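Novice: Provided herewith is a single structure, encoded as structure tokens, for subsequent inquiry.
The values are calculated or read from the model by the stated rules, or taken from the named source; none is laboratory data. None of these values were measured; they are calculated from a predicted model. For neighbour counting, all protein chains shown are included, and Cβ atoms are generated from backbone atoms with ideal geometry for every residue, glycine included.
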Amino acid sequence: MTLRGMIVNGDQSKTYTALNDFVIDNGDTHRMLTCQLLADNRFVGKYKADGIIIATPTGSTAYSLAAGGPIVAPGVSSIVITPICPHTLTSRPLVLPDSSVIEIVFPEVLDGAGIMVDGQIEEPLQNKSRVVIQKAEYDIAFITFDDTNYFQTLRTKMGWGRRGDRDN
């Protein structure tokens, strides 16, 4: 699954596609980002955090996981929203259906904020910017091998089931 993100700055817009994630933060200013999140035109909440990650199941094991988000199995069609170091304990990761249209708006003045696409492309955000993210029209096919097991890979990479250095 891939995500399509449209960044609207005034009367101009740009569209990007991400395999892993879109990350919105205040960049080099290291200030708190305040944004409002809507899903399918319904207000979800106001986030005050160092940033926010909108990820695919593939991206759930990347930056989103490091920020405290859930691991989503590849076959689960969903969009993961993970606040980065939220400034309230009640801001938690959220998993939405892949049919959701997510809109992010910024009620406060943006100072150096930007959006990063798969850690590769950075686009600055301006005051009154809005970001609309939804499932893209196409998926990317991965090569899989019969002798691989997703959960075995997770156990190996994450060290699940090990207790210290005693167990392998």
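Novice: Go through (1) within 13 Å of the chain's Cα centre (by Cα); (2) within 24 Å of LYS48 (Cα to Cα) and name the single condition SER129 misses.
Specialist: (1)
Novice: Of all residues in the range 21-47 being modelled with pLDDT under 95 and among the acidic types (Asp, Glu), which is surrounded by the most Cβ atoms within 10 Å (Cβ to Cβ)?
Specialist: Step by step, filter the range 21-47, then rank; the result is ASP25.
Novice: Shifting gears a bit: Residue under question is GLY112, and the condition is that it be of a type outside the set (S, T, N, Q), within 14 Å of the chain's Cα centre (by Cα), within 21 Å of CYS35 (Cβ to Cβ) and not in a strand (DSSP E or B); does it hold?
Specialist: The answer is no for GLY112.
Novice: Exactly one of these conditions fails for SER60: (1) in a loop (DSSP other than H, G, I, E, B); (2) free of Cβ contacts under 8 Å to residues at least 40 places away in the same chain; (3) not acidic (Asp, Glu). Give me its number.
Specialist: (1)
Novice: Within the range 121-131, can one find any residue that is in contact with a Pro (Cβ under 8 Å, 6 or more places away or on another chain), of a type outside the set (Ser, Thr, Tyr) and more than 15 Å from LEU37 (Cβ to Cβ)?
Specialist: No, every residue in the range 121-131 fails to be in contact with a Pro (Cβ under 8 Å, 6 or more places away or on another chain), of a type outside the set (Ser, Thr, Tyr) and more than 15 Å from LEU37 (Cβ to Cβ).
Novice: Return the residues of the range 123-168 that are loosely packed, with under 12 Cβ neighbours inside 10 Å, touching a residue at least 24 places away in the same chain (Cβ under 8 Å) and charged (D, E, K, R); say none if nothing qualifies.
Specialist: GLU137
Novice: Same structure again: Right, THR90: on the phi < 0 side of the Ramachandran plot, assigned to a strand (DSSP E or B) and among the hydroxyl-bearing types (Ser, Thr, Tyr) or not?
Specialist: no
Novice: Considering only the range 71-85, state which residues are over 13 Å from THR61 (Cα atoms) and among the small types (Gly, Ala, Ser).
Specialist: GLY75, SER77, SER78
Novice: Still on this model: Looking at (1) in contact (Cβ under 8 Å) with a residue 12 or more places away in the chain; (2) aliphatic (A, V, I, L, M); (3) surrounded by fewer than 16 Cβ atoms within 10 Å (Cβ to Cβ), find the lone condition where LEU89 falls short.
Specialist: Unmet condition: (1).
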